[in-house]
Amino acid sequence: MSVPQPPEPIPGARLLFSLDPAVSHLNHGSFGAVPIGVQRAQQRLRDEMEANPLRFFTQGLVDRIAHTRRHLAGFLGADPDGSALVGNTTTGVAVVLQSLGLQSGDEVLSTDHGYGAVSLAIQRECRRTGAVSRVLPIPLAASDEQLVQIIRAGLRPGRTRVLVVDQLTSATAKLFPTAAIVGVAREHGVPVLVDAAHAPGMLSTTVASIGADFWVGNLHKWAYAPRGTALLAVAPQWRDRIEPLVVSWEQESGFPARVEWQATLDYTSWLAAPAGLFTLRSLGVDRVRAHNAALAAYGQRVVADALGVPPAQLPDPGGPEVSLRLIPLPAGLAATIDAARALQARIGERLAAEVAVMSWNGRGWLRLTGQVYNTADEYERLAVRLPALLAQR
Ligand SMILES: Cc1ncc(COP(=O)(O)O)c(C=O)c1O
């Protein structure tokens, strides 16, 4: 079967980034890449901070943070007064888990597509409180209807205190029908925490349309913000119960300031985040989304063809904007997380290509992303060289 055409490149986009030109950067998903203009915006803020630290921290910083939060929340379709800036999705998840007041006998329900660090956070909160963690297995190929059905059947009303689901999964690059899941959970009186680490910038779905009790997403992946920028949106009935991980001077101000103000930190990543949105908007938000998703799909097909994987065996991410794609690796490769990490490093070193290698349920997967700085020939080069590298076990 023929491979689809790659999208038209976005002229000049690569020059917006300081990425090493000797490397193909095909894993935007893990840590993002910050455009040069955004790096400069943050540096200007740091210069301002270092010119007069006392003034920077004591005169107007809380208001500047609030102003930034309103801007970012507006872009994401979240309630600006019901959202808080946090450093990353991991922090947002921890804030929510420790605010739930879990008790012995309660249950935290999640799925086997969840992010590893989030699973560890759930386990720790369960150990701390005596609650139990239950993980629902969901087949990779489950349709939206099947997925909602599995979750509906897995809820234990009265016991399940929170359901944690991803909007777009990391290990399996699968879009979950979060609004439908929230609807089912609500019917059963179960609050939902959506891990939306990859959503901001990539997906057009608004936070409000999902309607979750808690939603947290990173702006430092697909929205070009400096690292350390995430938004935690909280439904009105929970806001008074949300406690920060660290108590500081805004504790008595309530949500969201008490969560945002975390003592003497470098807040410049948040303040520079609107420059990331400016970059995205300048390139054209819809154009970037369409480009990235089409390029990831193209990369998936050329690499899969080279590995002899038929199109029917390629996981469908479940939505037209998804810019992460999986390719199954030959059986036995990357069967464990350690083996996946080692293979990822080997591909990086030997092929000058940064990719994600995932181990999920005992099976290895290559995860490729598309970004405005990528071109079709980067995936083609990987496709030519990868089979030989994988053959050297
Ligand atoms: C689904 C998912 N959740 C959570 C995270 C954690 O994000 P962070 O390291 O920014 O906290 C990631 C990071 O890739 C992710 O993919």
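The values are calculated or read from the model by the stated rules, or taken from the named source; none is laboratory data. Quantities reported herein were computed from a predicted structural model and do not represent experimental measurements. Ideal geometry is used to build each Cβ from the backbone, glycine not excepted, and the neighbour counts take in all protein chains shown.
When the residues of segment 26-35 are filtered to those that are assigned to a loop (DSSP other than H, G, I, E, B) and within 16 Å of the ligand (Cβ to nearest atom), which remaining residue is surrounded by the fewest Cβ atoms within 10 Å (Cβ to Cβ)? Write out each step before concluding.
Pass one, segment 26-35, residues assigned to a loop (DSSP other than H, G, I, E, B): 26-27, 32-35.
Subset that is within 16 Å of the ligand (Cβ to nearest atom): 26-27, 32-34.
Numbers: Leu26: 25, Asn27: 23, Gly32: 24, Ala33: 19, Val34: 25.
Selected residue: Ala33.
Scanning for something modelled with pLDDT of 95 or more, in a loop (DSSP other than H, G, I, E, B) and either aromatic (Phe, Trp, Tyr) or in contact with a Leu (Cβ under 6 Å, 6 or more places away or on another chain) (or both), does segment 268-289 turn up at least one residue?
Within segment 268-289, the first condition is being modelled with pLDDT of 95 or more, and the residues that meet it are 268-289.
So of that shortlist, the ones also in a loop (DSSP other than H, G, I, E, B) come out as 284.
Within this subset, residues satisfying the condition of being either aromatic (Phe, Trp, Tyr) or in contact with a Leu (Cβ under 6 Å, 6 or more places away or on another chain) (or both) are none.
Within segment 268-289 (the criterion being modelled with pLDDT of 95 or more, in a loop (DSSP other than H, G, I, E, B) and either aromatic (Phe, Trp, Tyr) or in contact with a Leu (Cβ under 6 Å, 6 or more places away or on another chain) (or both)), the answer is no, since none of the residues qualifies.
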Members of segment 177-197 that are in contact with a Ser or Thr (Cβ under 7 Å, 6 or more places away or on another chain) and within 11 Å of the ligand (Cβ to nearest atom) | Val194, Asp195, Ala197
Quick one: would you say Ala180 is in a loop (DSSP other than H, G, I, E, B), in contact (Cβ under 8 Å) with a residue 24 or more places away in the chain and aliphatic (A, V, I, L, M)?
-> no
Test set (1) in contact with a Ser or Thr (Cβ under 8 Å, 6 or more places away or on another chain); (2) crowded, with 23+ Cβ neighbours inside 10 Å; (3) farther than 24 Å from Ile65 by Cβ - Val162 fails condition number | (1)
Being farther than 16 Å from Ser170 by Cβ and in contact with a His (Cβ under 9 Å, 6 or more places away or on another chain) is the filter; apply it to segment 207-233 and report the residue that is surrounded by the most Cβ atoms within 10 Å (Cβ to Cβ).
-> Thr229
Starting from segment 226-238, take each residue that is within 13 Å of Val192 (Cβ to Cβ) and touching a residue at least 24 places away in the same chain (Cβ under 8 Å) and list its partners that are outside any loop (DSSP other than H, G, I, E, B) and within 15 Å of the ligand (Cβ to nearest atom), counting only C-beta distances under 6 angstrom and pairs at least six apart or across chains.
-> Ala233/Trp215; Val234/Phe214
Within segment 347-393, how many residues turn out to be touching a His at 6+ places or on another chain (Cβ under 9 Å) and either at pLDDT below 95 or in a strand (DSSP E or B) (or both)?
-> 4
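Okay, residues lined up against (1) β-branched (Val, Ile, Thr); (2) free of Cβ contacts under 8 Å to residues at least 40 places away in the same chain; (3) crowded, with 19+ Cβ neighbours inside 10 Å:
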residue: Gly37; (1), (2), (3): no, no, no
residue: Leu45; (1), (2), (3): no, no, yes
residue: Asn52; (1), (2), (3): no, yes, no
residue: Gln59; (1), (2), (3): no, yes, no
residue: Val62; (1), (2), (3): yes, no, no
residue: Phe75; (1), (2), (3): no, no, yes
residue: Pro80; (1), (2), (3): no, yes, no
